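The values are calculated or read from the model by the stated rules, or taken from the named source; none is laboratory data. Only a predicted model underlies this, so the values are computations on that prediction, with no experimental measurement involved. Neighbour counts are summed over all protein chains in view; Cβ atoms, including those assigned to glycine, are modelled from backbone coordinates with ideal geometry.
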Amino acid sequence: MISQKAKYALRALAALARSNDKSPMLIAEIADQQKIPKKFLEQILLDLKHRGLVMSKRGKDGGYLLLRPAEEITFGEVLRMIDGPIAPLPCLSQTAYRKCDDCLNETECEIRHVFARVADATREVLFSATIADTLNEKNRFTVMLAG
């Protein structure tokens with residue numbers, strides 16, 4: 001399962017992608033539109049800013065903007081940033097590999113073989129689905145079916 005923080009991050013990024021690229025969105029606007037607690041959203045956007053996905057603009061016309069095009073931000077990238085490794089088993093993680101404590105032999109582990117297929121399929125979907133895919137109804141439905 002993904003965390004609530006990751007869900008909110010994805011929703012906030014989609015809201016920013018839907019807004020006019022030239023017009024920053026205020027935290028209050030995003031929070032209200034997406035039903036995200038404002039204080040929690042502030043933390044999430046700050047985290048996304050430090051990781052290079054969004055930028056903030058100060059002043060009268062200030063707010064948040066995507067730093068990269070929505071077509072270049074994948075669900076997998078965001079989930080990995082917020083929740084950490086995507087693999088169902090530590091021995092399948094691409095970013096935080098760790099041998100399972102109770103494993104006798106990885107190459108012969110029946111459980112690992114099945115979950116390796118799950119991990120590969122999950123990564124394929126998550127790293128091909130972008131924030132831009134959520135913006136129109138047809139792609140939104142395709143992303144939902146794939147997920």
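Where helices (runs of 4 or more DSSP H) fall entirely within the stretch 1-83, those with at least 3 residues that are in contact with a strand residue (DSSP E or B) (Cβ under 7 Å, 6 or more places away or on another chain) and either buried (at least 16 other Cβ atoms within 10 Å of the Cβ) or not assigned by TED's automatic domain parsing to the domain that holds Ile131 (or both) are at 4-18, 38-50. Under the condition of being farther than 29 Å from Ile82 by Cα and either touching a Leu at 6+ places or on another chain (Cβ under 6 Å) or of a type in the set (Asp, Glu) (or both), the residues counted in the stretch 95-110 number 2. Please go through the stretch 34-76 and pick out each residue that is among the acidic types (Asp, Glu) and in contact (Cβ under 8 Å) with a residue 60 or more places away in the chain. Of everything in the stretch 34-76, just one residue is among the acidic types (Asp, Glu) and in contact (Cβ under 8 Å) with a residue 60 or more places away in the chain, namely Glu71. When Leu92 is tested against (1) in contact with a Lys or Arg (Cβ under 8 Å, 6 or more places away or on another chain); (2) farther than 22 Å from Asn136 by Cβ; (3) not assigned by TED's automatic domain parsing to the domain that holds Asp133, only condition (3) is not met. Return a yes/no flag: does the stretch 113-127 have any residue that is more than 12 Å from the chain's Cα centre (by Cα), at pLDDT below 85, loosely packed, with under 13 Cβ neighbours inside 10 Å and among the aliphatic types (A, V, I, L, M). There is no residue in the stretch 113-127 that is more than 12 Å from the chain's Cα centre (by Cα), at pLDDT below 85, loosely packed, with under 13 Cβ neighbours inside 10 Å and among the aliphatic types (A, V, I, L, M).
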